[in-house]
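Undergrad: I have a structure here, written as structure tokens, and I will follow up with some questions on it.
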Amino acid sequence: MGLLLAIVVIGLWCTHLTWTLLSVEVLWDSPWTYVHVLVQAYLSTGLFITAHDAIHGTVVRGRRGNDLIGFVASFLFAGLWYPRLVVNHHKHHHHPAEDHLDPDFHSSNSLLLWFGSFMWRYTTIWQILIMALAYNILKLQVEEVRLWVWWIMPAFMGSFQLFYVGTYLPHRKPHTPDMPFRARSMPLNHLLAMVSCYFFGYHAEHHMSPGTPWWQLWKVKERRIS
């Protein structure tokens with residue numbers, strides 16, 4: 001199931017992006033423009049979630065298979081370097097919400113400062129060069145407005161969705177004794193959890209059971225509150 005879902009997410013991301021870039025005009029007075037942006041942003045979030053599950057070895061059996069899928073998903077997301085994601089994410093799980101030890105945490109508790117720090121720590125010069133190269137190659141065939149609306153904007157929105165639902169809301173201060181791994185979870189609502197960030201809002205459950213893939217986190221949530 002993990003491999004099937006990874007193929008579906010990656011396939012839908014590629015298909016929808018290619019279709020919109022080549023065939024769909026940007027019409028600001030059409031509601032479909034905003035639907036396409038939201039769909040692509042959600043699929044971009046799914047790419048990162050797929051890479052995240054690969055880090056935990058839950059997409060397929062075997063480290064090499066997971067690393068291959070994780071590398072592809074993170075690269076498509078925004079030219080991210082998968083080995084860097086692996087190192088930082090394991091640090092996050094070993095030291096959740098600990099200042100100077102957790103690369104995903106910012107002690108200021110400020111949404112903007114935290115998001116800026118989050119983006120800075122995961123951005124590399126190679127990522128910038130890869131994205132710039134891809135942009136300049138694509139603009140030879142695709143209108144620049146389509147690149148910005150169908151590709152760049154959704155990627156940024158997906159990054160913020162991941163940060164806000166999967167990092168800021170769960171790990172922001174104050175930390176209380178009833179927060180396992182300094183992580184809070186959204187209330188039980190499977191539809192909202194899926195729409196908001198592929199069940200990643202069940203964040204304490206993820207830290208309690210990092211070997212559970214995203215599509216089964218709802219079961220951990222139900223067991224925890226039962």
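The values are calculated or read from the model by the stated rules, or taken from the named source; none is laboratory data. Fair warning: this is a prediction, and the values are worked out from it, not measured in the lab. Positions of Cβ are backbone-derived with ideal geometry, glycine not excepted, and every protein chain shown enters the neighbour counts. Just the protein is used for accessible areas: all its heavy atoms, side chains included, with ligands, DNA and RNA removed. Shrake-Rupley method; radii C 1.70, N 1.55, O 1.52, S 1.80 Å.
Undergrad: Let me know the shape class of region 1-108, please: from the alpha-carbon gyration tensor, a ≥ b ≥ c as square roots of the eigenvalues, rounded when a/c is under 1.5, otherwise prolate if a/b is greater than b/c, or oblate.
TA: Values: a/c = 2.93, a/b = 1.54, b/c = 1.90.
Note, shape of region 1-108 comes out oblate.
Undergrad: Next question, about the same structure. Over the chain, what percent of the accessible surface lies on carbon and sulfur atoms, probe 1.4 Å?
TA: Whole-percent figure for carbon plus sulfur exposure: 69.
Undergrad: Using the alpha-carbon atoms, what tilt in degrees (0 to 90, nearest 10) does helix 63-78 show relative to the longest principal axis of the chain?
TA: 50
Undergrad: Moving on. Around Trp114, under 10 Å between beta carbons, what's the net of Lys plus Arg minus Asp minus Glu among the other residues?
TA: Spelling it out: positives minus negatives among the neighbours equals 0.
Undergrad: Got a sec to turn the phi values of region 4-20 into Karplus ³J(HN,Hα) couplings, 6.51 cos²θ - 1.76 cosθ + 1.60 with θ = phi - 60°, whole Hz, x for Gly and Pro?
TA: 4, 5, 4, 5, 5, 5, 5, x, 5, 4, 5, 5, 5, 5, 4, 4, 5
Undergrad: Helix-only estimate, please: 222 nm mean residue ellipticity of the chain, summing -39500 (n - 2.57) across DSSP H runs of length 4 or more and dividing by its residues, to the nearest 500.
TA: Numbers: 10 runs with 136 residues, N = 226.
After summing the helix terms and dividing by residue count, I get -19500 deg cm²/dmol.
Undergrad: Magnitude of the Cβ-charge dipole of the chain, K/R +1 and D/E -1, about the Cα centre, nearest 20 debye? Display every interim value, and only then the final one.
TA: Values: 16 positive and 13 negative charges, 119 e Å.
Roughly 580 debye, rounded to the nearest 20.
Undergrad: At 0.36 nm per residue, and after removing the present C-alpha to C-alpha distance, how many nm does the segment from Ile125 to Arg64 gain when stretched out fully? Write down the numbers at each step before the final one.
TA: Values: separation 61, 0.36 × 61 = 21.96 nm, distance 2.59 nm.
Here the segment from Ile125 to Arg64 would lengthen by 19.4 nm.
Undergrad: Order the peptides 57-70, 162-175 from the highest to the lowest mean number of other Cβ atoms within 10 Å of their residues. Walk me through the numbers on the way to the answer.
TA: Details: 57-70: 16.9, 162-175: 18.5.
The peptides rank, most packed first, as 162-175, 57-70.
Undergrad: Turning to a different aspect of this structure: So between Trp148 and Val195, what do we pick up on full extension, going 0.36 nm a residue minus the alpha carbon distance? The partial results should precede the final answer.
TA: Values: separation 47, 0.36 × 47 = 16.92 nm, distance 2.37 nm.
Here the segment from Trp148 to Val195 would lengthen by 14.6 nm.
Undergrad: What does the net charge come to around Thr33 if you take all other residues with beta carbon closer than 12 Å to its beta carbon, with K and R at +1 and D and E at -1?
TA: Details: positive: Arg146; negative: Glu25, Asp29.
Neighbour charge sum, excluding Thr33 itself: -1.
Undergrad: Using Cα centres only, tell me the gap between region 1-17 and region 120-142 in whole Å.
TA: 22
Undergrad: Right, here's the next one. Once Rh for region 26-178 is found with the Kirkwood sum over Cα pairs, what is the Stokes-Einstein diffusion coefficient at 37 °C and 0.692 mPa s, in µm²/s? Let's see the in-between values first.
TA: Details: Rh = 16.8 Å.
For the chosen part, D equals 195 µm²/s.
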